[in-house]
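Please treat every number below as a calculation from the coordinates, not as lab data. Everything quoted here is computed from the prediction, not taken from an experiment. Here the Cβ positions follow ideal geometry from the backbone for every residue, glycine too, while neighbour counts run over all protein chains shown.
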Amino acid sequence: MFSFAIAVEAVKQGKRIARSGWNGKGMFVFQRPADTLPSAILSNVKSLPESVKSFLINEDKGSVLFTAYLCMYAADGSIVNGWLASQTDILAEDWTILD
């Protein structure tokens, strides 16, 4: 078992992390890596609202950088984008590295 600091370093390396104290079965956190998308394909990106697509396409900077962020695979099988650790998660010493 590890501290959150060690778990964060593991997740930055592409590993999945979880807490043994979580109630949900099979839950884990992973990092969605940074990605640069060419402006030409932004109209096909389903996760952006049309107003944002229009703005980015009109800016025409050639590409858009999407920064890295944490996601959680939840107990119901959904993926939570932009997962944030609670204070309890940050201070916990029961973090595990799954792979």
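Ranking M72, M1 by Cβ neighbours within 10 Å, fewest first, what do you get? Could you put the intermediate results ahead of the total?
Working: M72 21, M1 13.
Least crowded to most crowded, the residues run M1, M72.
Between T36, W83, S3, the Cα set farthest toward the positive side of the dipole of the chain (charges on each charged residue's Cβ, about the Cα centre) is that of T36. For segment 89-97, the Karplus equation 6.51 cos²θ - 1.76 cosθ + 1.60, evaluated at θ = phi - 60°, returns couplings of 4, 5, 8, 5, 10, 10, 6, 10, 9 Hz by residue, with Gly and Pro reported as x.
The charge dipole of the chain, taken about its Cα centre with unit charges on the Cβ atoms of Lys, Arg (+1), Asp and Glu (-1) only, comes to about 140 debye. This structure gives log10 I(q)/I(0) by the Debye sum over Cα atoms at q = 0.20, 0.24 Å⁻¹, computed directly, and of (1) -1.15, -1.14; (2) -0.98, -1.31; (3) -0.93, -1.18 that value is listed as (3).
3J(HN,Hα) couplings calculated from phi for segment 42-58 with the Karplus curve 6.51 cos²θ - 1.76 cosθ + 1.60 (θ = phi - 60°) are, in sequence order, 4, 5, 9, 7, 5, 7, 10, x, 4, 5, 6, 4, 4, 4, 5, 5, 5 Hz; Gly and Pro show x.
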